[in-house]
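These notes are about the structure you will find just below.
The values are calculated or read from the model by the stated rules, or taken from the named source; none is laboratory data. Quantities reported herein were computed from a predicted structural model and do not represent experimental measurements. Neighbour counts run over all protein chains shown; Cβ positions are idealised from the backbone, glycine included. SASA here: full protein model, heavy atoms, side chains in, ligands and nucleic acids out. Shrake-Rupley method; radii C 1.70, N 1.55, O 1.52, S 1.80 Å.
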Amino acid sequence: MSSVNTINRIAIITSGGDAPGMNAALRAVVLAAENYGIEVMGFRHGYEGLLTNDFVKLDREDVEHILQYSGTIIKSARSERFKSEEGGREAATNLDAHQIDAFIVIGGDGSFRGAEHLANFWKGPIIGIPGTIDNDLFGTDNTIGYDTAVETAMDALDKIRDTAEAMDRVFIVEVMGRNAGYIGISSAMACGAERMILPELQKDKPLTVDALVKHIESVQRVRGDSSYVMVLCENQWPGGAVRLAEQLEDRLNLPCRPCLLGHVQRGGRPTAMDRILGTRLGVHAVELVRQGKTAVMAGVTANELSETPLIDTWTKRKKLSEELINIQQSLFNPIKKDRNKSTQ
């Protein structure tokens, strides 16, 4: 499909874990489509809504003032039933019954795998918009929700630093990102954390309790009684922050406290960056539909709009910045001064 005249109706879903800024992308799709005389139907609760025919026609008045809201007005969910061959065929049948000409999904890698599954049974254009706080999709510098999640984690870490400094305590703050350390490294750098435990770093040389104890004791020698804040990505330590805090407290003469940020990172008003990114990608997705593109993700690379085959977004690895790792691990390491003394 290459002509705008063949696109009369677009279906859109938000799928998987919600991310701040999804509403901004949804708004942009509806307003951009309306500009071309295209109707938009939102299916509620992700792919499950395709199976249950839970839909709503989205007009300007439905989306015009939703930029500031987190979550998604058409809800999100995961659907095991959709993953089956029968589920894929049923979803395709329902799309055809509603005379849908193109399909847009806002979500992460699981949502894009669902889009690939749908493409086996439905032949209209399918476009992905990256909406996930993990920022782990190949083909775009940032994903919708990532900036807000980092801002939320930073705000929590700043508050934790206040109490940690007042009481000379060790805090282990667990953030999301079990497979990618983007939230971990960004929040650690923004808050001056003394240590970070990220998936990318654990693969090469996993940290041990002995190494962490040695580092904390070295920081104490350099700075005296002080706070120590560690950022831990989820699923990177057996038992998580709670167990690690127990292990460290057994070895140190310091109170060690865990703090799990959890799903608070998914909530909150989307930042300006996420609202702008969601808007750009929503409009870009509509333009890709009009150009007849399919099975691609709308992205932004080096501040320029881009498109990436959906399959590449999860089969190709997006690398964490070596520069940021070096800055946080080497240049800003509190024990560097102690090391220099020991070599003199």
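So which strands (runs of 3 or more DSSP E) are wholly in segment 228-344 and hold at least 1 residues that are closer than 26 Å to Trp122 by Cβ?
Numbers: elements: 228-233, 256-260, 296-301, 304-309.
Those strands (runs of 3 or more DSSP E) span 296-301, 304-309.
Tell me, yes or no, whether segment 262-279 has at least one residue that is modelled with pLDDT of 95 or more, open to solvent by less than 20 Å² (accessible area, probe 1.4 Å) and farther than 22 Å from Ile185 by Cβ.
The answer is yes; a qualifying residue exists.
Based on what the data block shows, is Gly292 in contact with a Ser or Thr (Cβ under 6 Å, 6 or more places away or on another chain) and surrounded by fewer than 21 Cβ atoms within 10 Å (Cβ to Cβ)?
The answer is yes for Gly292.
Does any residue in segment 188-202 that is assigned to a helix (DSSP H, G or I) come within less than 9 Å, Cβ to Cβ, of a residue that is of a type in the set (Lys, Arg) and open to solvent by 20 Å² or more (accessible area, probe 1.4 Å) six or more places away or on a different chain, and which pairs are these?
Hits for this filter: Ala188/Arg195; Cys191/Arg161; Pro199/Arg178; Glu200/Lys319.
Looking at Val30, Val56, Val40, which one is open to solvent by 10 Å² or more (accessible area, probe 1.4 Å) and of a type in the set (A, V, I, L, M, F, W, C)?
Just a single option satisfies the conditions, and that option is Val56.
Checking Ile129 against (1) open to solvent by less than 20 Å² (accessible area, probe 1.4 Å); (2) under 17 Å from Ser15 (Cβ atoms); (3) aliphatic (A, V, I, L, M); (4) out of contact with any strand residue (DSSP E or B) (no Cβ under 6 Å at 6 or more places or on another chain): exactly one of these is not met. Which one?
It is condition (4) that Ile129 fails.
Could you grab the pairs with beta carbons closer than 6 Å, sequence gap of 6+ or different chains, first residue in segment 94-106 and under 13 Å from Ala33 (Cα atoms), second one assigned to a strand (DSSP E or B) and open to solvent by 40 Å² or more (accessible area, probe 1.4 Å)?
Listed by first residue and then by second, the contacts come to Asp101/Arg9.
So if I check each of Arg89, Arg78, Arg113, which one is farther than 30 Å from Leu320 by Cα, in the same structural domain as Leu50 (by TED's automatic domain parsing) and not small (Gly, Ala, Ser)? So that I can check it myself, show each step before the final result.
Values: Arg78 fails: farther than 30 Å from Leu320 by Cα; Arg113 fails: farther than 30 Å from Leu320 by Cα.
Of the residues listed, the single one that is farther than 30 Å from Leu320 by Cα, in the same structural domain as Leu50 (by TED's automatic domain parsing) and not small (Gly, Ala, Ser) is Arg89.
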